[in-house]
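The values are calculated or read from the model by the stated rules, or taken from the named source; none is laboratory data. None of the values given here were measured: they were computed from a predicted structure. With ideal geometry, Cβ positions are generated from the backbone for all residues, glycine too; neighbour counts draw on all protein chains shown.
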Number of protein chains: 2
Amino acid sequence: MILTVTLNTALDLTYTVDALVRHESHRVSTVTERAGGKGLNVARVLAAVGAPVLATGLLGGRTGERVAELLDVPHDFAPIAGETRRTVVVADGDATGFWEPGPEVTPGEWELFVEHYHSLLPGKTAVALSGSVPRGLPADAYAVLVTAAREAGVPVVLDASGPAFAAALAAGPDVVKPNRDELAEYAPDLYLSVDAGVRMAADRLRKAGAGSVVASLGSRGLIVVDGDGAHKAVPPVISGNPTGAGDACVAALVRALHEGAPDGAEVARDAAALSAAAVLRPEAGDVDPADFARLRADVTVTAI
Amino acid sequence: MILTVTLNTALDLTYTVDALVRHESHRVSTVTERAGGKGLNVARVLAAVGAPVLATGLLGGRTGERVAELLDVPHDFAPIAGETRRTVVVADGDATGFWEPGPEVTPGEWELFVEHYHSLLPGKTAVALSGSVPRGLPADAYAVLVTAAREAGVPVVLDASGPAFAAALAAGPDVVKPNRDELAEYAPDLYLSVDAGVRMAADRLRKAGAGSVVASLGSRGLIVVDGDGAHKAVPPVISGNPTGAGDACVAALVRALHEGAPDGAEVARDAAALSAAAVLRPEAGDVDPADFARLRADVTVTAI
């Protein structure tokens with residue numbers, strides 16, 4: 001069974017209004033509530049393609065209870081005293097977003113979560129660590145979680161950015177999944193519009209500790225760099241909602257670890273196809289397995 | 001003890017942002033959560049001036065539980081299955097508001113609330129019915145609550161508008177508190193900028209069934225029309241936040257019923273002073289008793 005970790009969960013609200021006018025009042029015509037956070041999207045995609053998954057992370061207060069109620073995959077979260085954050089997107093044809101800062105996690109709560117995570121690792125086949133970290137967590141939060149997984153013999157995909165990501169590289173995550181902007185932080189001197197630049201940037205992350213690097217490049221597809229070389233996967237041209245495509249990519253990567261001994265070319269194909277299948281669905285964290293199967297055949301994979 | 005009724009409770013959220021820009025994303029710097037709804041403001045003002053109060057109404061879901069947690073006055077709500085609505089105000093110097101439509105209340109839930117309300121009436125000294133009604137309630141919802149209170153010998157203040165207010169007048173609420181716009185619905189032919197027009201409009205509401213009519217006219221003060229005549233109360237010139245001033249007015253009116261046999265001139269003085277004290281505080285539902293005492297002496301009351 002795969003374990004997904006979402007430290008910065010959210011209650012995602014979408015408000016439909018006729019037209020947002022600054023400094024006016026609006027009657028919201030429809031409200032959509034959804035369990036949010038990148039790791040929860042990963043968990044939902046895994047469940048959609050039939051992979052066994054358990055979601056964990058931090059939840060607090062009534063908003064946290066609401067997130068748990070709305071979540072339709074098996075889960076086992078650790079509690080915090082603060083209220084889980086909300087995000088509000090006002091939709092009037094285009095989107096205006098408001099992100100709450102979220103709770104401050106206490107050192108004691110973090111310690112309890114790490115214990116909880118340790119207790120969940122035995123018997124797991126792979127772990128996905130996704131998204132930003134809430135306030136109050138130590139700089140080495142992801143490093144601690146990567147180390148614990150490795151010590152338990154469970155391979156890890158890490159999809160994060162900023163200082164928490166940087167600090168976790170030395171702990172040796174099996175797979176990391178930077179997008180182009182995240183890769184650029186490690187390669188300000190490289191030209192990432194060409195594949196050779198991406199490969200060189202990925203090699204830096206591998207030197208820093210990552211096992212494989214999967215660079216997600218949006219509609220350009222993705223490049224997998226591992227010990228055997230590099231493969232590029234390009235999906236067919238599609239249009240849709242790219243939000244959550246990166247999480248679907250992570251779902252493919254952690255599923256590959258779950259199935260064991262993944263071949264770079266096949267991983268690249270699955271990840272590109274599952275990302276593309278996510279783009280076809282309006283809601284992040286949703287995929288149709290039939291789209292995935294069909295797109296898999298349409299992805300072009302080349303060794304680079 | 002006074003009973004306040006809030007059928008359309010809310011979780012009021014205020015988001016502080018630097019500047020709202022349509023179709024952009026915003027990091028919210030501070031989030032304020034508050035138990036919202038006009039009747040809850042009335043209850044809070046009563047508690048602030050030391051009057052014994054119990055708040056009731058409808059609450060549902062995790063949002064309803066959060067409202068109950070945040071409410072700092074004694075309360076005894078009836079449950080509904082739907083999620084209590086949220087309101088979001090984005091503050092960037094001025095306010096942009098988003099009002100969720102709120103839950104649909106089922107006939108069975110309404111029946112249970114009416115039973116609950118009946119059980120709370122014995123021993124109560126006065127009832128305040130405040131604000132809009134949620135979807136799903138019958139047109140005579142307030143009429144039913146007014147009638148029940150009268151049958152139990154408990155006097156009622158009704159502060160509402162629209163069809164639910166219109167339908168409740170014939171049930172004979174002891175006091176109603178229309179503002180100028182609400183009064184205008186009953187007096188499209190009268191000139192409400194002069195006191196004589198307000199008095200004539202108030203007489204129409206009395207003929208329709210209301211005992212006393214207290215017309216709240218913002219900075220112009222208020223006019224109390226009862227069986228003994230009419231009194232006008234004008235507060236000193238103050239500036240502040242007028243949101244919730246009407247609820248403070250209702251608090252004064254229901255407190256007067258609680259204390260028994262109110263004299264029109266004294267009611268007018270208290271109501272104008274308590275409304276003005278609410279304007280001085282930034283948050284709706286809050287008053288400083290010292291402001292109330294001081295302003296009471298500064299209100300000018302005249303028989304008109």
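So here's what we get for this one:
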| read-out | value |
| --- | --- |
| Residue among B:Val42, B:Val21, B:Val5 that alone is over 25 Å from the mean Cα position of the chain (by Cα) and either part of a strand (DSSP E or B) or β-branched (Val, Ile, Thr) (or both) | B:Val21 |
| Test: B:Gly260 is at pLDDT below 95 and surrounded by fewer than 21 Cβ atoms within 10 Å (Cβ to Cβ) | yes |
| One residue from B:Ala51, B:Ala35 being buried (at least 18 other Cβ atoms within 10 Å of the Cβ) and either part of a loop (DSSP other than H, G, I, E, B) or assigned by TED's automatic domain parsing to the domain that holds B:Leu274 (or both) | B:Ala51 |
| Complete set of residues in the stretch A:74-86 that are surrounded by fewer than 19 Cβ atoms within 10 Å (Cβ to Cβ) and either assigned to a loop (DSSP other than H, G, I, E, B) or within 14 Å of chain B (Cβ to nearest Cβ) (or both) | A:Pro74, A:Asp76, A:Ala81 |
| For B:Arg22: the one exception among (1) touching a residue at least 12 places away in the same chain (Cβ under 8 Å); (2) under 30 Å from A:Ala95 (Cβ atoms); (3) within 12 Å of chain A (Cβ to nearest Cβ) | (1) |
| Test: residue in the stretch B:52-59 that is in contact with a strand residue (DSSP E or B) (Cβ under 8 Å, 6 or more places away or on another chain), at pLDDT 95 or above and within 14 Å of another protein chain (Cβ to nearest Cβ) | yes |
| Candidates B:Glu109, B:Glu65, filtered to the one that is charged (D, E, K, R) and in contact with a Lys or Arg (Cβ under 8 Å, 6 or more places away or on another chain) | B:Glu65 |
| Which numbered condition B:Val89 fails, given (1) outside any helix (DSSP H, G or I); (2) within 19 Å of B:Ala245 (Cα to Cα); (3) more than 11 Å from chain A (Cβ to nearest Cβ) | (3) |
| Condition broken by B:Arg44, with the remaining ones in (1) buried (at least 23 other Cβ atoms within 10 Å of the Cβ); (2) within 14 Å of chain A (Cβ to nearest Cβ) satisfied | (2) |
| Hits in the stretch B:8-18 - residues which are assigned to a strand (DSSP E or B) and among the β-branched types (Val, Ile, Thr) | B:Thr14, B:Thr16 |
| Meets criteria (of a type in the set (Asp, Glu), closer than 18 Å to B:Asn8 by Cβ and touching a residue at least 40 places away in the same chain (Cβ under 8 Å)) for B:Asp92 | no |
| Some residue of the stretch B:146-156 being closer than 26 Å to B:Ala215 by Cα and in contact with a Phe, Trp or Tyr (Cβ under 9 Å, 6 or more places away or on another chain) | yes |
